[in-house]
Structures are given as C-alpha cells and as structure tokens.
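The values are calculated or read from the model by the stated rules, or taken from the named source; none is laboratory data. Predicted model, so just to flag it, every value in this text is computed and none were measured. Don't worry about glycine lacking a Cβ; one is built from the backbone with ideal geometry, like all the others, and counts go over all protein chains shown.
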Amino acid sequence: MKSSLRLFSEIAVIIGLSGIIAFKYSGIHSKDGEISSLNQSSAKRDSRLTIFKPYKVFPGYTLVPEEGTAKVLLLDIFGRTKHVWNVDVDRARLLPNCNLLVVHGSKWGITQPKWNALRPVIREYDWDGKVVWEYKGTEPAHHEAVRLENGNTIFLHRTMVPEAIREKITDAYRRSLKIKTDSFQEVTPDGKTVWHWHAYEHLDINNCGKPGCTRYDDKPLKKKKLSDWTHFNSIGVIPPNKWFRAGDKRFKPGNILTVPRNWWTAIIIDKESGDVVWEYTGDYKGGLGGGHEAHMIREGLPGAGNVLIFDNGSVVHPGESFVLEINPVTKKTVWVLDLGKKLYSKAAGSAQRLPNGNTLVSEDKTGRVLEVTPQKEVVWEFRNSYETNRAKRYPIGYCPRLK
C-alpha cells in the first residue's frame, strides 16, 4: 500500500513539474494578456509566419521596421502584431524602458516631405508614439543609432570630404567629383557632443578598401558609387570580452566595430585614438561583398567574443548572402550560414545571436525574417510584403511592456 502511494506521489510530482516547464517555455503573453499554448499555434499564428517549430525557437518579440509604410511592428512569437509605432525609420532599437530609438529616413521615407525633413534628427519615442527626446544635427543621420549605458547616444551621419582633403586624390576624374563620406557622433542627453570621428581625418582618401578606387565611366550610377566613398552602416560597440581581458587592446570595450560597406571590409576603430586597429575582408567564397551589421557577440550568449557579419554578396558571390561568425583574433570562420540561393539580400540585412544558440537573420530586401539553429535548420520564418530595415528579437521581460 505504501509503495503504491509513493509511486502515485512520484507520478504526481513529475506531472506537476512537466506542467510548470510546459507553462514556462510553451507560451507567451499575447496582445490581450492571455497565455497562448504553442500546441495551438497553427490556429492562432499570423499567416505571414510560414515556418514555426515551437519548441526550437527562442521566445520573445521581434521588432520589424517596414519600408514604405511608416510603421514599426512589434511581433509576438506567433507573428501577430503586438504593437505599432507609426513612424518611418531607417533603423529602430527598442530600449529597456520600452521606448523606441530611431534614425529616420528610409529609402522610401526620403521621398516623403514629412520624413525627409527629419533626416538630421535622432528621436526617442515612447510606447504611445510621443517624442520624449531628440537630437537635431546639421547633416543627414543614417543607418544606425545606439543608446550607450551612460545614457549617451552614438549615431552615424553623412558628411562631405573637404576640398583640402579631396585635392589629395591622385586620380583626376575621382578628384573632380563631390565625395561624400561618414562620421560618428556621440551626444549626451542634453545634446552636447562628446566624441566626433570623421572618416576623412583617419582614412587614406586614396584607399577604397577591397574593391579599390576603380575609375568608372561617366554613367550616373557608376559615378554615384564612386562618389560614395565609405558608406558606413553599423555601430557595433565592443562589449566586455575575453580577448581584451587576455591583453588584446584592439578589443577594448567601447571601441567601435563597423562596416564601410563600399570597402567590403569590417573594421574596428579605437575610440580614444581614432585609429583603425583591426580589419577583416574575409576569405569565405571570395570574402566580403558589401557587409552589414558587424558586431561582437556579447558575453552570456553562445559564441561570446566572436564577430557576426551579414555578408551581402552582391558582386563577389551574387545571388547568395551569408552570415559569418568569425574568431576576431585568428580571423578564422567559426560558423557560416550558407543557404545558397535561398538566402540573399543585395543590400541591408542583419544577424543576431539568440540566447538559445539560434541566429535571427533579417533578409531585408525581401522582407523575410528567419531564425535558424546552429545546425542551420529554419525554425521560424516571417514573410512580409514590405522590405525590412533590420529586424531584431527581444526576450520576454526585456522591458516592462513585454512581461
């Protein structure tokens, strides 16, 4: 009798623990607050969520800035819209207070007077879309803005190469053009500039990276490409990491990992000196061709200390984009997402390492966002009708509204 009771008790404990585990990992809060079972996901998920393998995904909310609608969507794990900000953005980041930090001026937005007027402006919107902070510069901001732990904001903006620098260009045709480039700027909450880095002050004006400063004919598109010298597109602030603790000063926390896209190169800028202290052009199937969203994986995530880059391909491996995970010391490839012709974004794009080891990939030009396992299995795929500006996944509890 006692043995039967003990057996019954053990079974009850197992069932109870299973229920707790299932509750914790199989559901998230939906828009109206109910807990949705993953077992019923096929009936509840959005039709744009074309692949969903519930017990292999990392649960959370995905920020999806749309191109051409002036909307930033926050999706739950079922692809359903949790929240919308009615703003056009070139880039958006969700802050720990659930506010949205944005750079205005997507390619569509700059054709609309309302949004084009905000190109020099970095803004923070609250959950209800109210402007709670902004910085207005004198030149167009673009691609990226990051809120630092000290409360400062760092962003990219366009600038023109001064005539005195342009006169140093050895190629006469290129020297005759107006050459635009990029600068990084860090401002305090009250708008004071505390750091400013101009590419033309630290890079050789006759260096155009991996593809070289090729002389083009006078066709408008090629002329435009030649006059766009650097085209930086990301700000990967170096986090605390094992390489720096081991004595490698190139990877000092606070240094900036970035990509001058037109150079097909990733670089690290020493924030104190302004010098470029690390470069990577790659060797996988011809190496980088473009490149976006270079950043070092932070501690606490699988692959911590390695560098992730979305390699567009374009000219180097046309029709195929890769996600590269690189050991920054040896510059050896640790992991590659290569899906052949099934993954391609000619421009833009991003990759994010998730806590469960999966990687979220934003195939921006097609509007597709996918989550893949380390074994390269697609376990979550959202297909939108609009292009995307770098989707990002945030965990449950990241900010108060996402509990």
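Just a few scattered comments:
- Test: ASN312 is within 17 Å of LYS365 (Cβ to Cβ) and touching a residue at least 12 places away in the same chain (Cβ under 8 Å): yes
- Considering the range 46-68, and only residues there that are crowded, with 17+ Cβ neighbours inside 10 Å and more than 17 Å from the chain's Cα centre (by Cα), the residue that is nearest to SER385 (Cα to Cα) turns out to be ARG48.
- Counting only residues that are closer than 21 Å to THR230 by Cα, at pLDDT 95 or above and not in a strand (DSSP E or B), the range 302-344 holds 2 of them.
- Among the candidates GLU377, GLU371, residue that is under 19 Å from LYS56 (Cβ atoms), crowded, with 21+ Cβ neighbours inside 10 Å and not polar (S, T, N, Q): GLU371
- ARG215 meets each of the listed conditions (1) modelled with pLDDT of 95 or more; (2) basic (Lys, Arg); (3) more than 18 Å from GLY305 (Cα to Cα) apart from (1).
- Subset tally (residues that are closer than 14 Å to HIS142 by Cβ and without any contact (Cβ under 8 Å) to a residue 12 or more places away in the chain) for the range 73-126: 2
- Of everything in the range 91-121 that is more than 17 Å from the chain's Cα centre (by Cα) and among the aliphatic types (A, V, I, L, M), the residue that is surrounded by the most Cβ atoms within 10 Å (Cβ to Cβ) is LEU118.
- Here GLN375 clears all of (1) touching a helix residue (DSSP H, G or I) at 6+ places or on another chain (Cβ under 9 Å); (2) not in a strand (DSSP E or B) except the condition numbered (1).
- Residue, surrounded by the fewest Cβ atoms within 10 Å (Cβ to Cβ), within the range 133-182, restricted to residues that are among the polar types (S, T, N, Q) and under 14 Å from ASP228 (Cβ atoms): THR159
- With respect to the conditions (1) under 28 Å from LYS82 (Cα atoms); (2) surrounded by fewer than 20 Cβ atoms within 10 Å (Cβ to Cβ); (3) among the aromatic types (Phe, Trp, Tyr), TRP335 lacks only one, and its number is (1).
- When the range 249-260 is filtered for residues that are in contact with a Lys or Arg (Cβ under 9 Å, 6 or more places away or on another chain) and assigned to a loop (DSSP other than H, G, I, E, B), the ones remaining, listed by number, are LYS252, GLY254, ASN255.
Each row is one residue, and each column tells you yes or no for (1) touching a residue at least 60 places away in the same chain (Cβ under 8 Å); (2) out of contact with any Gly (no Cβ under 8 Å at 6 or more places or on another chain); (3) β-branched (Val, Ile, Thr); (4) outside any strand (DSSP E or B).
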{"site": "ASN262", "(1), (2), (3), (4)": "no, no, no, yes"}
{"site": "GLU272", "(1), (2), (3), (4)": "no, yes, no, yes"}
{"site": "TRP278", "(1), (2), (3), (4)": "no, yes, no, no"}
{"site": "LYS285", "(1), (2), (3), (4)": "no, yes, no, yes"}
{"site": "GLY289", "(1), (2), (3), (4)": "no, no, no, yes"}
{"site": "HIS295", "(1), (2), (3), (4)": "yes, no, no, no"}
{"site": "GLY300", "(1), (2), (3), (4)": "no, yes, no, yes"}
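- Residue within the range 31-50 that is modelled with pLDDT under 90, outside any helix (DSSP H, G or I) and hydrophobic (A, V, I, L, M, F, W, C) present: yes
- Extreme residue, nearest to LEU203 (Cα to Cα), among residues of the range 237-249 that are free of Cβ contacts under 8 Å to residues at least 40 places away in the same chain and charged (D, E, K, R): LYS249
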